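As C-alpha coordinates, the structure follows; a few thoughts come after it.
The values are calculated or read from the model by the stated rules, or taken from the named source; none is laboratory data. All figures in this text were calculated on a predicted structure; none of them were measured in a lab. A quick note on method: Cβ atoms are made from the backbone with ideal geometry, for glycine too, and the neighbour counts reach across all protein chains shown. Note: areas computed on protein heavy atoms with side chains; ligands, DNA, RNA excluded. Shrake-Rupley method; radii C 1.70, N 1.55, O 1.52, S 1.80 Å.
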Amino acid sequence: RFLALAWESGAQPVVVLTKADLVTDPVTLAHLVEDVENTAPGVPVLGVSAHFGDGLDVLRALVGGGTSVLLGQSGAGKSTLANALVGEDVMDVRAARDVDGKGRHTTTTRNLLALPGGGVLIDTPGLRGVGLYDAEGGVGQVFAEIGELAERCRFHDCAHESEPGCAVRSAVDGGELPVRRLESYRKLVRENQWIVAKTDARLRAEIRRDWKRKGAEGRAAMQAKRGRWT
(Lines give C-alpha, C1' and ligand atoms only; values in the text may rest on other atoms or scores of the structure.)
Protein backbone atom coordinates (compact mmCIF):
# COMPACT_ATOMS: atom_id res chain seq x y z
CA ARG A 1 0.00 0.00 0.00
CA PHE A 2 2.79 2.44 0.86
CA LEU A 3 4.51 1.81 -2.46
CA ALA A 4 1.29 2.07 -4.47
CA LEU A 5 0.39 5.39 -2.85
CA ALA A 6 3.91 6.74 -3.32
CA TRP A 7 3.95 5.91 -7.04
CA GLU A 8 0.44 7.29 -7.48
CA SER A 9 1.46 10.59 -5.86
CA GLY A 10 4.39 11.04 -8.23
CA ALA A 11 7.01 10.50 -5.53
CA GLN A 12 10.03 8.19 -5.84
CA PRO A 13 9.66 5.56 -3.09
CA VAL A 14 12.67 4.18 -1.24
CA VAL A 15 12.41 1.27 1.20
CA VAL A 16 14.71 1.63 4.21
CA LEU A 17 15.13 -1.47 6.37
CA THR A 18 15.99 0.23 9.65
CA LYS A 19 17.81 -1.30 12.62
CA ALA A 20 19.86 -3.44 10.26
CA ASP A 21 22.39 -3.97 13.08
CA LEU A 22 19.87 -6.36 14.68
CA VAL A 23 20.71 -8.82 11.88
CA THR A 24 24.31 -9.74 12.67
CA ASP A 25 24.81 -12.13 9.75
CA PRO A 26 25.55 -10.15 6.54
CA VAL A 27 24.35 -13.03 4.37
CA THR A 28 20.97 -13.07 6.13
CA LEU A 29 20.70 -9.29 5.79
CA ALA A 30 21.48 -9.55 2.07
CA HIS A 31 18.73 -12.16 1.68
CA LEU A 32 16.25 -9.87 3.48
CA VAL A 33 17.13 -6.95 1.20
CA GLU A 34 16.82 -9.16 -1.87
CA ASP A 35 13.43 -10.44 -0.71
CA VAL A 36 12.10 -6.89 -0.42
CA GLU A 37 13.63 -5.96 -3.79
CA ASN A 38 11.66 -8.79 -5.39
CA THR A 39 8.40 -7.33 -4.04
CA ALA A 40 9.30 -3.71 -4.88
CA PRO A 41 10.50 -3.61 -8.50
CA GLY A 42 12.15 -0.35 -9.48
CA VAL A 43 12.52 0.77 -5.85
CA PRO A 44 15.87 1.21 -4.05
CA VAL A 45 16.01 -0.98 -0.93
CA LEU A 46 18.58 -0.11 1.73
CA GLY A 47 19.60 -1.85 4.92
CA VAL A 48 20.46 0.99 7.33
CA SER A 49 21.73 1.14 10.90
CA ALA A 50 21.36 4.58 12.45
CA HIS A 51 23.25 3.27 15.49
CA PHE A 52 26.41 2.27 13.63
CA GLY A 53 25.97 4.43 10.51
CA ASP A 54 25.76 1.53 8.05
CA GLY A 55 24.04 2.55 4.80
CA LEU A 56 23.63 6.20 5.85
CA ASP A 57 25.93 7.56 3.14
CA VAL A 58 23.81 5.99 0.39
CA LEU A 59 20.61 7.24 2.01
CA ARG A 60 22.04 10.76 2.39
CA ALA A 61 22.81 10.83 -1.31
CA LEU A 62 19.24 9.82 -2.13
CA VAL A 63 17.52 12.39 0.10
CA GLY A 64 20.00 15.24 -0.28
CA GLY A 65 18.54 16.75 -3.44
CA GLY A 66 14.96 17.60 -2.57
CA THR A 67 12.14 17.01 -0.12
CA SER A 68 11.80 13.60 1.51
CA VAL A 69 9.31 12.25 4.01
CA LEU A 70 9.67 9.33 6.43
CA LEU A 71 6.61 7.08 6.61
CA GLY A 72 6.17 3.95 8.69
CA GLN A 73 4.77 2.40 11.81
CA SER A 74 5.55 3.71 15.26
CA GLY A 75 8.78 2.21 16.53
CA ALA A 76 10.27 1.67 13.07
CA GLY A 77 13.08 4.08 13.89
CA LYS A 78 12.05 7.09 11.79
CA SER A 79 13.03 9.77 14.32
CA THR A 80 16.29 7.99 15.13
CA LEU A 81 17.02 7.93 11.42
CA ALA A 82 16.12 11.61 11.12
CA ASN A 83 18.57 12.47 13.91
CA ALA A 84 21.31 10.49 12.17
CA LEU A 85 20.70 12.25 8.85
CA VAL A 86 20.60 15.71 10.45
CA GLY A 87 23.69 14.96 12.54
CA GLU A 88 22.25 15.95 15.90
CA ASP A 89 19.39 14.97 18.24
CA VAL A 90 16.62 17.21 16.94
CA MET A 91 13.85 14.64 17.52
CA ASP A 92 12.93 12.93 20.79
CA VAL A 93 13.22 9.16 20.66
CA ARG A 94 12.34 6.37 23.06
CA ALA A 95 12.95 2.65 22.95
CA ALA A 96 10.19 0.36 21.74
CA ARG A 97 8.06 -1.32 24.40
CA ASP A 98 9.61 -4.47 25.83
CA VAL A 99 6.27 -6.29 26.08
CA ASP A 100 5.49 -6.32 22.35
CA GLY A 101 8.32 -4.47 20.61
CA LYS A 102 5.98 -1.73 19.38
CA GLY A 103 6.68 1.99 19.39
CA ARG A 104 5.49 4.45 22.01
CA HIS A 105 4.25 7.12 19.54
CA THR A 106 6.88 9.58 20.79
CA THR A 107 6.62 11.73 17.64
CA THR A 108 3.19 13.38 17.59
CA THR A 109 3.71 16.17 15.04
CA ARG A 110 5.11 16.50 11.52
CA ASN A 111 8.50 18.19 11.55
CA LEU A 112 10.42 19.78 8.64
CA LEU A 113 14.18 19.35 9.11
CA ALA A 114 16.98 20.91 7.04
CA LEU A 115 19.70 18.42 6.08
CA PRO A 116 23.36 19.51 6.29
CA GLY A 117 24.17 18.28 2.79
CA GLY A 118 21.12 19.89 1.18
CA GLY A 119 17.48 19.01 0.93
CA VAL A 120 14.85 18.80 3.64
CA LEU A 121 13.36 15.86 5.53
CA ILE A 122 9.87 15.54 7.00
CA ASP A 123 9.56 13.29 10.05
CA THR A 124 6.02 12.10 10.72
CA PRO A 125 4.14 10.36 13.56
CA GLY A 126 3.90 6.58 13.35
CA LEU A 127 1.04 5.23 11.26
CA ARG A 128 -1.12 2.41 12.57
CA GLY A 129 -2.29 1.61 9.06
CA VAL A 130 -2.72 3.08 5.58
CA GLY A 131 -5.46 2.60 3.00
CA LEU A 132 -5.59 3.10 -0.74
CA TYR A 133 -7.56 5.80 -2.50
CA ASP A 134 -7.95 5.73 -6.28
CA ALA A 135 -4.44 4.34 -6.73
CA GLU A 136 -4.92 2.09 -9.75
CA GLY A 137 -1.80 3.45 -11.44
CA GLY A 138 0.29 3.00 -8.32
CA VAL A 139 -0.89 -0.59 -7.83
CA GLY A 140 -0.07 -1.32 -11.46
CA GLN A 141 3.44 0.04 -11.03
CA VAL A 142 4.09 -1.94 -7.85
CA PHE A 143 3.02 -5.12 -9.66
CA ALA A 144 4.48 -4.22 -13.06
CA GLU A 145 5.53 -7.81 -13.78
CA ILE A 146 1.91 -8.99 -13.46
CA GLY A 147 0.81 -6.30 -15.93
CA GLU A 148 3.44 -7.49 -18.42
CA LEU A 149 2.34 -11.11 -18.03
CA ALA A 150 -1.34 -10.11 -18.40
CA GLU A 151 -0.63 -8.77 -21.88
CA ARG A 152 -0.06 -12.38 -22.96
CA CYS A 153 -3.37 -13.67 -21.53
CA ARG A 154 -5.90 -15.02 -24.03
CA PHE A 155 -8.61 -12.62 -22.84
CA HIS A 156 -7.99 -8.91 -22.40
CA ASP A 157 -10.22 -8.81 -19.30
CA CYS A 158 -8.68 -11.91 -17.71
CA ALA A 159 -9.10 -11.96 -13.93
CA HIS A 160 -6.20 -14.45 -13.55
CA GLU A 161 -8.35 -16.92 -11.69
CA SER A 162 -9.60 -19.89 -13.74
CA GLU A 163 -9.70 -18.49 -17.28
CA PRO A 164 -8.08 -20.63 -20.03
CA GLY A 165 -4.91 -19.24 -21.53
CA CYS A 166 -4.04 -17.12 -18.48
CA ALA A 167 -0.36 -16.21 -18.68
CA VAL A 168 -0.33 -15.00 -15.07
CA ARG A 169 -1.54 -18.31 -13.66
CA SER A 170 0.90 -20.14 -15.94
CA ALA A 171 3.74 -18.03 -14.49
CA VAL A 172 2.63 -18.98 -10.96
CA ASP A 173 2.41 -22.68 -11.86
CA GLY A 174 5.84 -22.51 -13.49
CA GLY A 175 7.48 -20.82 -10.51
CA GLU A 176 8.16 -17.60 -12.42
CA LEU A 177 5.74 -15.56 -10.29
CA PRO A 178 5.42 -16.14 -6.51
CA VAL A 179 1.85 -16.92 -5.52
CA ARG A 180 2.04 -14.36 -2.69
CA ARG A 181 2.65 -11.63 -5.28
CA LEU A 182 -0.54 -12.57 -7.13
CA GLU A 183 -2.51 -12.75 -3.87
CA SER A 184 -1.25 -9.30 -2.81
CA TYR A 185 -2.10 -7.90 -6.23
CA ARG A 186 -5.65 -9.25 -6.10
CA LYS A 187 -6.14 -7.90 -2.58
CA LEU A 188 -5.01 -4.37 -3.44
CA VAL A 189 -6.98 -4.29 -6.70
CA ARG A 190 -10.16 -5.30 -4.83
CA GLU A 191 -9.48 -2.75 -2.09
CA ASN A 192 -8.86 0.05 -4.56
CA GLN A 193 -11.96 -0.83 -6.61
CA TRP A 194 -14.12 -0.83 -3.50
CA ILE A 195 -12.87 2.58 -2.38
CA VAL A 196 -13.34 4.13 -5.83
CA ALA A 197 -16.78 2.54 -6.14
CA LYS A 198 -17.96 4.45 -3.07
CA THR A 199 -17.93 7.65 -5.16
CA ASP A 200 -18.39 6.19 -8.67
CA ALA A 201 -21.92 4.91 -9.26
CA ARG A 202 -21.05 3.43 -12.67
CA LEU A 203 -18.14 1.41 -11.30
CA ARG A 204 -20.26 0.33 -8.33
CA ALA A 205 -22.90 -1.02 -10.73
CA GLU A 206 -20.23 -2.83 -12.78
CA ILE A 207 -18.83 -4.49 -9.65
CA ARG A 208 -22.32 -5.64 -8.62
CA ARG A 209 -22.93 -7.11 -12.10
CA ASP A 210 -19.60 -8.92 -11.93
CA TRP A 211 -20.45 -10.36 -8.49
CA LYS A 212 -23.83 -11.56 -9.79
CA ARG A 213 -22.23 -13.13 -12.86
CA LYS A 214 -19.66 -14.99 -10.79
CA GLY A 215 -22.36 -16.08 -8.34
CA ALA A 216 -24.47 -17.46 -11.18
CA GLU A 217 -21.47 -19.28 -12.64
CA GLY A 218 -20.70 -20.80 -9.24
CA ARG A 219 -24.28 -21.99 -8.75
CA ALA A 220 -24.34 -23.48 -12.26
CA ALA A 221 -21.12 -25.36 -11.57
CA MET A 222 -22.53 -26.76 -8.32
CA GLN A 223 -25.73 -27.86 -10.04
CA ALA A 224 -23.69 -29.59 -12.73
CA LYS A 225 -21.71 -31.44 -10.06
CA ARG A 226 -24.89 -32.51 -8.27
CA GLY A 227 -26.27 -33.79 -11.57
CA ARG A 228 -23.19 -35.95 -12.08
CA TRP A 229 -23.40 -37.26 -8.51
CA THR A 230 -27.04 -38.31 -8.91
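If R₀ is 25 angstrom, what is the calculated FRET efficiency for the pair Asn38 and Arg190, using the beta carbon separation as r and rounding to 0.05?
On the way: r = 23 Å, r/R0 = 0.90.
Result of the calculation: an efficiency of 0.65.
To the nearest 0.05, what FRET efficiency results for Phe52 and Glu183 with a Förster distance of 35 Å applied to their C-beta separation?
Efficiency at R0 = 35 Å is approximately 0.45.
Give me the 1.4 Å probe accessible area per residue for the stretch 15-95, excluding ligands and nucleic acids, in Å².
On the way: 4580 Å² over 81 residues.
Computed with neighbouring chains in place, this is 57 Å² per residue.
Just to be sure I understand the curve: with the Debye formula and one point per C-alpha of the stretch 24-97, what is log10 I(q)/I(0) at q = 0.11, 0.15, 0.21, 0.25 Å⁻¹?
-0.32, -0.60, -1.14, -1.39
Taking the mean number of other Cβ atoms within 10 Å as a proxy for protection, how do you rank 58-64, 116-122 from highest to lowest?
Values: 58-64: 15.9, 116-122: 14.1.
Ranking, from highest mean packing down: 58-64, 116-122.
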